[in-house]
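*Asks:* Attaching a single structure in structure tokens format; questions to follow.
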Amino acid sequence: QVQLVESGGGLVQPGGSLRLSCAGSGIIFRIYDMGWYRQAPGNERELVAVISTTYTTDYADSVKGRFTISRDNAKSTVYLQMNSLKPEDTAVYYCNAKNYRLSNEYWGRGTQVIVSS
């Protein structure tokens, strides 16, 4: 059974930092492109950051320079370091695993991030 379990969300003040983690199981983690998405109330889910199997990264313009995605294949875990957080970063953050060749895609259940004073 495939599981992606996010952790690390919470309440933080503007300008603060959080580190999200997503632990995968039931998949060969290293062959999946991993991503973080977020969805704020009333909004569609949007891509935040992705890291490929070759460690190539890409970010939404709104988070460039503030967020960093990384992965540890030995731990089957992907991370999202979020710095200089803004109220508009408030959302549920979801972990995503995608393998285009296998046509497989999996989602975690999400972790809530609230940026507020």
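*Asks:* Would you say Val63 is β-branched (Val, Ile, Thr), assigned to a strand (DSSP E or B), out of contact with any Leu (no Cβ under 6 Å at 6 or more places or on another chain) and open to solvent by less than 60 Å² (accessible area, probe 1.4 Å)? Walk me through how you get there before you give the answer.
*Replies:* Working: β-branched (Val, Ile, Thr): yes; assigned to a strand (DSSP E or B): no; out of contact with any Leu (no Cβ under 6 Å at 6 or more places or on another chain): yes; open to solvent by less than 60 Å² (accessible area, probe 1.4 Å): yes.
So Val63 does not fit the description; no.
*Asks:* Does Gly8 qualify as being on the phi > 0 side of the Ramachandran plot, touching a Lys or Arg at 6+ places or on another chain (Cβ under 6 Å) and not hydrophobic (A, V, I, L, M, F, W, C)?
*Replies:* yes
*Asks:* For residues that are open to solvent by less than 20 Å² (accessible area, probe 1.4 Å), in a strand (DSSP E or B) and in contact with a Lys or Arg (Cβ under 9 Å, 6 or more places away or on another chain), tally how many sit in region 23-48. Don't jump to the end; show me each part of the working.
*Replies:* Step one: of region 23-48, the residues open to solvent by less than 20 Å² (accessible area, probe 1.4 Å) are 24, 29, 32, 34-36, 38, 48.
Next, from what is left, pick out any that are in a strand (DSSP E or B): 24, 34-36, 38, 48.
With in contact with a Lys or Arg (Cβ under 9 Å, 6 or more places away or on another chain) added as a condition, the list becomes 34-35, 38, 48.
Count: 4.
*Asks:* Here is a follow-up. Out of Leu20, Leu85, Leu11, which single residue is over 19 Å from Asn99 (Cβ atoms), part of a loop (DSSP other than H, G, I, E, B) and aliphatic (A, V, I, L, M)?
*Replies:* Within the list Leu20, Leu85, Leu11, the selection yields Leu85.
*Asks:* State all residues of region 5-22 that are open to solvent by 60 Å² or more (accessible area, probe 1.4 Å) and of a type in the set (Val, Ile, Thr); if no residue qualifies, say none.
*Replies:* Val5 - this is the single residue of region 5-22 that is open to solvent by 60 Å² or more (accessible area, probe 1.4 Å) and of a type in the set (Val, Ile, Thr).
The values are calculated or read from the model by the stated rules, or taken from the named source; none is laboratory data. These numbers were taken from a predicted model, which means no experiment stands behind them. Every residue, glycine among them, receives a Cβ derived from its backbone with ideal geometry; neighbour counts consider all protein chains shown. Heads up: the accessible areas ignore ligands, DNA and RNA and are worked out on the full protein's heavy atoms, side chains in. Shrake-Rupley method; radii C 1.70, N 1.55, O 1.52, S 1.80 Å.
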